[in-house]
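The structure appears below as structure tokens.
Since every read-out is calculated from the coordinates, none of them should be taken as a lab result. All of these numbers come straight from a predicted model, not from anything done at the bench. As a convention, Cβ positions derive from the backbone with ideal geometry for all residues, glycine included, and neighbour counts pool all protein chains shown.
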Amino acid sequence: MAGGIAVLVGGILAWIALLVVSLFFGAVTSGLYLQSPELWKPMGDVWLIGIILLNLMAGLVYALVYTVMGKQLKGSPLAKGLLYGSLIWFIGPLPGLMMTHLTMAVSPEIIISWLFSNLVGALVAGVIIAYVFDFLGGGEKPEVKKGGRKRGR
């Protein structure tokens with residue numbers, strides 16, 4: 001049960017962090033999008049709802065995947081979170097953005113801003129999730145040997 005709570009709490013906190021990072025980088029780099037307005041859809045209410053839901057889905061999926069991958073990671077929650085965030089960035093946003101750069105007419109500056117934004121978001125989300133799992137006990141539990149003694153990690 002603690003694992004489910006950790007997924008929910010970690011996913012929601014990661015969602016908030018991902019949303020803040022996404023909106024921050026979007027605001028900082030907004031001038032880049034004005035250079036090629038023909039590429040972009042209007043950013044209205046539907047866009048904002050889409051960004052909110054996309055980040056919610058990412059946060060919950062990242063926390064859910066941590067239930068499997070987090071057991072294999074060693075070290076402090078900070079070290080585990082940074083490694084996990086790096087891994088999800090390498091297998092998630094990085095390949096998609098490389099394909100975007102190779103196949104679409106999006107400026108390299110925007111691609112670089114997306115790469116950096118996604119890296120920061122993944123690292124922050126990974127650290128948050130690792131700390132939540134450590135705090136709520138949603139990760140690996142110590143094994144018990146016959147005779148009732150706990151086995152060391």
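Kindly check whether there is at least one residue in segment 96-107 that is without any contact (Cβ under 8 Å) to a residue 60 or more places away in the chain and within 29 Å of LEU136 (Cβ to Cβ).
Looking through segment 96-107, none of the residues is without any contact (Cβ under 8 Å) to a residue 60 or more places away in the chain and within 29 Å of LEU136 (Cβ to Cβ).
Scan segment 62-72 for residues that are in contact (Cβ under 8 Å) with a residue 24 or more places away in the chain and over 10 Å from the mean Cα position of the chain (by Cα) and the total you get is 5. Close Cβ contacts (under 9 Å, 6 or more residues apart or on different chains) running from residues in segment 43-61 that are within 24 Å of TYR33 (Cα to Cα) to residues that are among the hydroxyl-bearing types (Ser, Thr, Tyr) and surrounded by 12 or more Cβ atoms within 10 Å (Cβ to Cβ) comprise MET43/TYR33; ILE51/SER22; LEU54/SER22; ASN55/SER22.
Of the residues making up segment 68-117, those that are of a type in the set (Gly, Ala, Ser) and within 17 Å of LEU39 (Cβ to Cβ) are GLY96, ALA105, SER107, SER113. Scanning segment 29-64 for residues that are surrounded by 11 or more Cβ atoms within 10 Å (Cβ to Cβ) and touching a Ser or Thr at 6+ places or on another chain (Cβ under 8 Å) gives THR29, LEU32, SER36, ILE51, ASN55. For segment 19-42, indicate whether the set of residues that are in a loop (DSSP other than H, G, I, E, B) and either under 14 Å from the mean Cα position of the chain (by Cα) or of a type in the set (Ser, Thr, Tyr) (or both) is non-empty. Yes, there is a match, as at least one residue in segment 19-42 is in a loop (DSSP other than H, G, I, E, B) and either under 14 Å from the mean Cα position of the chain (by Cα) or of a type in the set (Ser, Thr, Tyr) (or both). For first residues located in segment 1-26 and touching a residue at least 40 places away in the same chain (Cβ under 8 Å) and hydrophobic (A, V, I, L, M, F, W, C), partners that are surrounded by fewer than 18 Cβ atoms within 10 Å (Cβ to Cβ) and not in a helix (DSSP H, G or I) and lie 6+ apart or on another chain with Cβ distances below 6 Å form the pairs ALA2/GLY137.
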